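*Asks:* Take this structure first; my questions come after.
The values are calculated or read from the model by the stated rules, or taken from the named source; none is laboratory data. Everything numeric in this text was worked out from a predicted model, so none of it was measured. Heads up, the Cβs are rebuilt from the backbone with ideal geometry, glycines too, and the neighbour counts pull from every protein chain shown. Surface areas here come from the heavy atoms of the whole protein model, side chains and all, with no ligands, DNA or RNA. Shrake-Rupley method; radii C 1.70, N 1.55, O 1.52, S 1.80 Å.
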Amino acid sequence: MGMTPSAFIAHCQSLLGEQYVLLDETDKAPYLRDWRNRYQGKALAILLPKTTEHVAEIVKACNQAKVSIVPQGGNTSMCGAATPNDSGQQVVINLKRMQSIRGLDISNQTVVVEAGCILQTLQETARAQGFLFPLSLGAQGSCQIGGNLATNAGGTNVLRYGNARELCLGLEVVTAQGEIMHGLRSLRKDNTGFDLRDLYIGSEGCLGIITAAVLKLFPLPVAQWTALVAVPDIPSTIQLLNLFQKRTAALLTGFEMMSKDSLDLTAKQFPHMKNPLANDPAYTVLVELSDHESEEHARMLMETVLESAFESGLASDAVIANNLSQAQSFWTMREHITMAQAQEGANLKHDISLPISSLHAFIEETDRVLRQKFDGVRIINFGHLGDGNLHYNVAPPIGDDPQHFNRTHEKAIHDIVYAHVEKHHGSISAEHGIGQLKLPDLEAHRGSIAHQLMRSVKHALDPNNIMNPGKVLS
Ligand SMILES: Cc1cc2nc3c(=O)[nH]c(=O)nc-3n(C[C@H](O)[C@H](O)[C@H](O)COP(=O)(O)OP(=O)(O)OC[C@H]3O[C@@H](n4cnc5c(N)ncnc54)[C@H](O)[C@@H]3O)c2cc1C
C-alpha cells in the first residue's frame, strides 16, 4: 500500500515526536549543504531518530511512500555524499541522537557504540578506560562513527592500525527494506559465509543504515614521540619512511608528508602555525612513534633513527617535540592544511593513493604536465605518505578567481591527474569515497565487471533504490 507525503510526515511525527521531524527551512538548512560548500540540496524533512527501531520504522515508511533516504552523520563528507539532491523529495536521516556507548568489554578489548557517537567522544571514553581507539582525522570533533564506517575512513593512524574497516568487528544495520540485521558480533575470527559487515562498510549509505558497531580497542601507548623532519625531496621521504619501518616496525604510528607550498598556505591563513623547521624545507615529514615500554626507549629510538637519517643525507634538520602540547601543535599544523585551503578559496582536490614505489614518478610527471598546461598553477601536495595516500590538490595561480578557474579547468585537471593515477596503478579515491563528486570519475576508471557487480549488489540489497540514490552509482 502506498503512503502520501503528508501521511508519511504525520507517521514520522507520531513515531519520533514533532520536534524531531524538521520541516522549517531554517531548521533544515544546516543539513542541506556539504562541508566544502559545493552542493546545496533540499529535503522533504530532516528526521532525527533516537533508536534503531525508529530507524527501521522510518525506512519501512520510506519504502511505502517511495521517499528516498540520505543517511547523514556529522556531514563532513568531502564528496557531497551526505547532501540530498535538489528535488525536495528526499529525507535526510541524521543519526546524531543515537550517540550512546552501549558497553565496553575490557577483556575482549572492544566497545559497542551507536552510529551517532562523535569520533572524538569515543576516543576520549576509550582513553579514560586506558585504551586507544586509533581512528583519528581532522574532522573528529564532528564526524560520527556511522559516517566513519560508511566511508571506511582513514586518517593519520592507518599505517599502524588500518582504516575504519580494520577496526570494526560487527555491525547493526537497518536494511534498505527496514529490517534490522543484528550483527554486533565481537569476534576476531568468524568465517561464516559472505562478509556482510564488509559490504556495508564503505558503502556510503547506499545499501542500508548503520545504527551501531562493535569496534576494536588497543592498549594505550605509554609514550609518544613526535618529530618534524626536513627532507629534500620525495625519494628521500620514501627512504626515510623505509628506514623508520625497518628500525621501529610497529612503533611507527604516523608518517605524514607536507610540501613547502602546503605549509606556506597554512602559515598564510593561520599565522601562528609556522613551520618550526628553519629554511622552509621542500618537504616536512611528521613522524610519530608510539611505545609501550617507556618514554626513554621511544625518545632514544627516535634520536638514533634520525641520526642515521642525517648521516645518510635523507634529512637536513629535525625538531623533536619536547612535550605533549608541542606534539599537538605539529599535528594541528598538519590538520590545518585542509582548513587553510578552504579559507584560501575553492581548489580542485584529489584524494588519491599509489603504490609507495610509484609516488615519486607520479608527482614528478603530474606536476610537470599541470605546470606546462596551466601556467602559475599551485600544487598543494600533502598526505598520509606512509599509506601511499596523497592529497594532491590544485589551486589557481595567485590572483586568479578560483570559481572561474575551477569552472573552466576542472575537468581537464581531473583528467590529467586521474590518467597519471591510472598509469601508476593507483586509486582515484583513497579515503574520502565517491559521493556525488567522483561519480563520473569512478565510472570512467573502474573496470566494467567490477561496476556491474556493484550494481548487482545494490539491486539485491536495495531493490527500490531508496538508499542515497545518485551517490557511488548513477
Ligand atoms: C577537515 C576534514 C578532515 C578530514 N580528514 C579525513 C581523513 O583524514 N581521512 C578520511 O578518511 N576522511 C577525512 N575527512 C572526510 C570525512 O570527515 C570522513 O569521511 C568522515 O568519516 C565522515 O563522517 P561523517 O559522520 O561526517 O559522515 P557524513 O559526511 O555525514 O556522511 C558520509 C557518508 O556516509 C553516509 N553515512 C553517514 N552516516 C551513516 C550511517 N549511520 N549509516 C550509513 N551511512 C551513513 C552518508 O550517507 C554519506 O554517504 C575529513 C573531512 C574534513 C571536513
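*Asks:* Looking at the range 62-97 only, could you name the residues that are polar (S, T, N, Q) and either away from the ligand (no atom under 12 Å from the Cβ) or open to solvent by 40 Å² or more (accessible area, probe 1.4 Å) (or both)? Even if it seems obvious, please write down each step before you answer.
*Replies:* Going residue by residue through the range 62-97, those that are polar (S, T, N, Q) are 63-64, 68, 72, 75-77, 83, 85, 87, 89-90, 94.
Hits for the range 62-97 are ASN63, GLN64, ASN85, SER87, GLN89.
*Asks:* How many of the residues making up the range 278-334 are farther than 16 Å from LYS246 by Cα, hydroxyl-bearing (Ser, Thr, Tyr) and touching a helix residue (DSSP H, G or I) at 6+ places or on another chain (Cβ under 7 Å)?
*Replies:* Matching residues across the range 278-334 total 2.
*Asks:* Continuing with the same structure: Of all the residues that make up the range 361-388, how many are part of a helix (DSSP H, G or I) and not hydroxyl-bearing (Ser, Thr, Tyr)?
*Replies:* Count: 15.
*Asks:* If you scan the range 186-237, which residues turn out to be farther than 29 Å from LEU251 by Cα, touching a residue at least 60 places away in the same chain (Cβ under 8 Å) and more than 10 Å from the ligand (Cβ to nearest atom)?
*Replies:* Answer for the range 186-237, where residues must be farther than 29 Å from LEU251 by Cα, touching a residue at least 60 places away in the same chain (Cβ under 8 Å) and more than 10 Å from the ligand (Cβ to nearest atom): just LEU199.
*Asks:* Quickly run through the range 6-41 and pick out the residues that are away from the ligand (no atom under 16 Å from the Cβ) and open to solvent by 90 Å² or more (accessible area, probe 1.4 Å).
*Replies:* Hits for the range 6-41 are SER14, GLU18, GLN19, GLU25, THR26.
*Asks:* On to the next question. How many residues are over 17 Å from ASP264 (Cβ atoms), in contact with a strand residue (DSSP E or B) (Cβ under 8 Å, 6 or more places away or on another chain) and open to solvent by 10 Å² or more (accessible area, probe 1.4 Å) if we restrict to the range 337-353?
*Replies:* Of the residues in the range 337-353, the ones over 17 Å from ASP264 (Cβ atoms) are 346, 348-353.
Then drop every residue that is not in contact with a strand residue (DSSP E or B) (Cβ under 8 Å, 6 or more places away or on another chain), which leaves 348-353.
Keeping just the survivors that are open to solvent by 10 Å² or more (accessible area, probe 1.4 Å) gives 349, 353.
The qualifying residues number 2.
Residue by residue, here is whether (1) within 20 Å of HIS384 (Cα to Cα); (2) open to solvent by less than 10 Å² (accessible area, probe 1.4 Å); (3) away from the ligand (no atom under 12 Å from the Cβ) holds:
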position	(1), (2), (3)
GLN99	no, no, no
SER107	no, no, yes
ALA115	no, yes, no
LEU119	yes, yes, no
GLU124	no, no, yes
PRO134	yes, yes, yes
LEU137	yes, no, no
ASN152	yes, no, no
GLY155	yes, yes, no
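*Asks:* When you check LYS50 against the structure, is it modelled with pLDDT of 95 or more, closer than 30 Å to PHE133 by Cα, open to solvent by 20 Å² or more (accessible area, probe 1.4 Å) and touching a helix residue (DSSP H, G or I) at 6+ places or on another chain (Cβ under 9 Å), yes or no?
*Replies:* yes
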